[in-house]
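The values are calculated or read from the model by the stated rules, or taken from the named source; none is laboratory data. As the structure is a computational prediction, the values presented were derived from the model and not from experiment. Every residue, glycine as well, gets a Cβ built from its backbone with ideal geometry; the counts of neighbours run over all protein chains shown. In case anyone asks, the SASA skips ligands and DNA or RNA and just uses the protein heavy atoms, side chains included. Shrake-Rupley method; radii C 1.70, N 1.55, O 1.52, S 1.80 Å.
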Amino acid sequence: MKSASFTGHRHLSGDIKSLAEYLYNTLDHHIKYHGLTDFYAGGAMGWDTLAALTVIKLRNIYPHIRLHLILPCSNQEQTLKWSAKNKEIFYKILAQADSVEYTSNHYYNGCMKIRNARLVECADICFCYWNTNNFHSGTAQTVNMARKKHIDIINFMQ
């Protein structure tokens, strides 16, 4: 097991500080004991952002780990309706990513699904933040793709 992908909702609920600590400790464990080196995130707000920032933080301890962004469309289109603060965080993550892949040059209906499929394709394990009552979200779709690939799925949503 060398690679992990992240999928999750854009809105995080509950105690975000505890969630961030739990994610950090879980990734730390998987790096130490399972040899994870490559992490793939989709660049969305919420879970993707928290996950990417956590990987960046963990690089202070593990400089060999890599953050790869797989984005559904151009940076400008992805962040078009985002706040200035969220755009600033996105571009900070983008600047610190080890690689960036775009599954499309432009936004279109379905580009997120292509991005999600690519995230699963790259992963040996999937770390998700998924409300299991929400069967129609992009996160649910991605988790189902991961299940079909028979990779481990760890859900951080309590």
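Annotations for the structure displayed:
- In the set (1) farther than 26 Å from SER18 by Cβ; (2) open to solvent by 10 Å² or more (accessible area, probe 1.4 Å); (3) of a type in the set (Ser, Thr, Tyr), the condition left unmet by THR49 is number (1).
- Single condition LYS32 does not satisfy, out of (1) open to solvent by less than 80 Å² (accessible area, probe 1.4 Å); (2) more than 14 Å from PHE127 (Cβ to Cβ); (3) over 13 Å from the mean Cα position of the chain (by Cα): (1)
- A single member of ILE65, ILE89 is in contact (Cβ under 8 Å) with a residue 40 or more places away in the chain and at negative phi, and it is ILE89.
- Answer residue from segment 80-139, given it is among the aliphatic types (A, V, I, L, M) and in contact with a Leu (Cβ under 8 Å, 6 or more places away or on another chain) and is nearest to LEU12 (Cα to Cα) among those: ILE89
- Residue in segment 73-95 that is open to solvent by 30 Å² or more (accessible area, probe 1.4 Å), out of contact with any strand residue (DSSP E or B) (no Cβ under 9 Å at 6 or more places or on another chain) and of a type in the set (Val, Ile, Thr) present: yes
- Of the residues making up segment 54-67, not a single one is under 24 Å from GLY138 (Cα atoms) and open to solvent by 20 Å² or more (accessible area, probe 1.4 Å).
- Among the residues of this structure, ALA146 counts as one that is crowded, with 16+ Cβ neighbours inside 10 Å, under 29 Å from ARG59 (Cα atoms), in contact with a Cys (Cβ under 8 Å, 6 or more places away or on another chain) and among the hydrophobic types (A, V, I, L, M, F, W, C).
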